[in-house]
Amino acid sequence: MTLHIPFDNSYAALPDTFYARVKPEPVKAPSLIAINEHLARDLGIDGLDDPNLAALFAGNTIPEGASPLAQLYAGHQFGQYNPQLGDGRAILLGETIGADGIRRDIQLKGSGRTPFSHMGDGRAWLGPVLREYVVSEAMHALGVPTTRALAAVRTGEVVVRERPLPGAVLTRVAQSHLRVGTFQVFAARGDIKALQTLFEYAVARHYPDATDPAAFLDAVMRRQAALVAHWMSLGFIHGVMNTDNCSISGETIDYGPCAFMDSYHPETVYSSIDRYGRYSYSAQADIIVWNMAQLATALLQLMPDPEASVEAFTAQIHRMPDMIRAEWLRRFAAKIGIETPTPEDAPLIAELLTLMQTAEADFTNTFRGLVDGTARAAFADPSGFDTWAAKWQTRIACEDDPEGRMSAANPVLIPRNHQIEAMIAASVAGDDSLFARLMSAYAAPYATNPDFDDLRSPPAPEEVVQATFCGT
Ligand code: AMP
Ligand code: MG
């Protein structure tokens, strides 16, 4: 059979100021690492037995119906505005409408140079491709809105980073690749016509009920508030929350130096480029408000009198911290078995987190241990935990099925950094069995499976990953 992707492209019909039409650059010797058959089926893709699959997902063969293009966007990187970023190593093939009626982008990442590549080579090496594949699929299994991984191929070429490394291409699926930075680029250029077109496109695609910029902003803020609280409830640190890595759809996007925290500390940073902790674990709740303020600034330009709307937009942004606190409380309350939290539950959660911080307790295992009965063991001196647990037991006595709620909110498995690093090292050496094993394990992260018990262990001291790198 021949691979068939039922393309239905809308972005390519937008004005040509929105993108550059560019084809992927063929690679030397593509070979398939993985294809996500479930996802392919949900997207209406068939012909997965096509012998040419590797060439298709490497960009050597353009599937019928694709309109390859690189999207333009800008963005604040670590607070600094960069007026032109864009897809420098990614190419949108087109869109499909899945079985659920949702339109999704199919994008190749690492597929060669585009007019937005600047000094970059347009390529990706195997490590970040497999990291994004595994972590994005794990996030999906954990229930977090995220881009998905459809395929990964080796290119048979070498890319030079700190050292020569095997090249790879990831095929990524997203509800769209519209970013805060997509709005910023047109607002900064004063191209109000393009900004209006983009606004209408984004409304139609993501928020059909939001008829004006304020309602649209509110809808994006709500999704982002829920997303960041969800990340935090799982110990996830995105690592590069630049406005160009912040999606309008509210999906987790652009997995770079992301990481799940092992032992709990609110200021945890893994990313080697995040020197001042701008995107640390707990800072995520503040920085998302800053990012939404940048979206608000861009959207202001759509108002008949932008000056006159500043106050209302500012007030709207000031409401976001409360939204995040409410989402945070809901998520963390569920982690300790509470269905409908009251403000008095916040100190109870905070108290446990403080005990965990002092004890350097493993975030994932301590919370799961509340259901499994092993949490106490995380504390060298359990007296503080015992006092807390007595209060906690009293609080949840009136809850209906707190165990069930906790089992659904506290995963057994998360993609731990040392496991990801070991998997990448094995695949670089040509052995993808660890990749396959992690993919099966993380597909059911809330289930207890003796086959994967070893993956519950935090890193041994010599395994601890101190820093993660973009290194794409
Ligand atoms: P990101 O790390 O995804 O936030 O990327 C920031 C910007 O750098 C985007 O415009 C990317 O397209 C661009 N970029 C990152 N890596 C490369 C590369 N290897 N070649 C070309 N552009 C790149
Ligand atoms: Mg990016």
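Data table
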quantity: Per-region count, the stretch 108-122, residues of a type in the set (Lys, Arg) and within 15 Å of ligand 2 (Cβ to nearest atom); calculated: 1
quantity: Residues of the stretch 256-278 that turn out to be in contact with a helix residue (DSSP H, G or I) (Cβ under 6 Å, 6 or more places away or on another chain) and surrounded by fewer than 24 Cβ atoms within 10 Å (Cβ to Cβ), as a count; calculated: 2
quantity: Cross-chain or 6+ apart pairs with Cβ under 9 Å, the stretch 120-140 first and among the aliphatic types (A, V, I, L, M), then within 16 Å of ligand 2 (Cβ to nearest atom) and assigned to a helix (DSSP H, G or I); calculated: Ala124/Glu132
quantity: Any hit, the stretch 353-361, residues being under 18 Å from Arg330 (Cα atoms) and touching a Ser or Thr at 6+ places or on another chain (Cβ under 8 Å); calculated: no
quantity: Single condition Gly430 does not satisfy, out of (1) assigned to a helix (DSSP H, G or I); (2) under 27 Å from Val158 (Cα atoms); calculated: (1)
quantity: The one condition in (1) without any contact (Cβ under 8 Å) to a residue 12 or more places away in the chain; (2) touching a Pro at 6+ places or on another chain (Cβ under 6 Å); (3) hydroxyl-bearing (Ser, Thr, Tyr) that Ser111 fails to fulfil; calculated: (1)
quantity: Of all residues in the stretch 120-172 being in a strand (DSSP E or B) and within 12 Å of the chain's Cα centre (by Cα), the one that is nearest to ligand 1 (Cβ to nearest atom); calculated: Arg172
quantity: Residues being farther than 19 Å from Gln107 by Cβ and among the basic types (Lys, Arg) - total across the stretch 152-204; calculated: 4
quantity: Test: residue in the stretch 157-167 that is crowded, with 20+ Cβ neighbours inside 10 Å, within 22 Å of Pro51 (Cα to Cα) and more than 16 Å from ligand 2 (Cβ to nearest atom); calculated: yes
quantity: Criterion: modelled with pLDDT under 95, within 16 Å of ligand 1 (Cβ to nearest atom) and not assigned by TED's automatic domain parsing to the domain that holds Pro83 - qualifying residue of Asp244, Asp274, Asp254; calculated: Asp274
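Residue by residue, here is whether (1) within 16 Å of ligand 2 (Cβ to nearest atom); (2) hydrophobic (A, V, I, L, M, F, W, C) holds:
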residue: Gly190; (1), (2): no, no
residue: Ala210; (1), (2): no, yes
residue: Gly239; (1), (2): yes, no
residue: Asn245; (1), (2): yes, no
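The values are calculated or read from the model by the stated rules, or taken from the named source; none is laboratory data. In this text the structure is predicted, and so the values were computed from the model without any measurement. Heads up, the Cβs are rebuilt from the backbone with ideal geometry, glycines too, and the neighbour counts pull from every protein chain shown.
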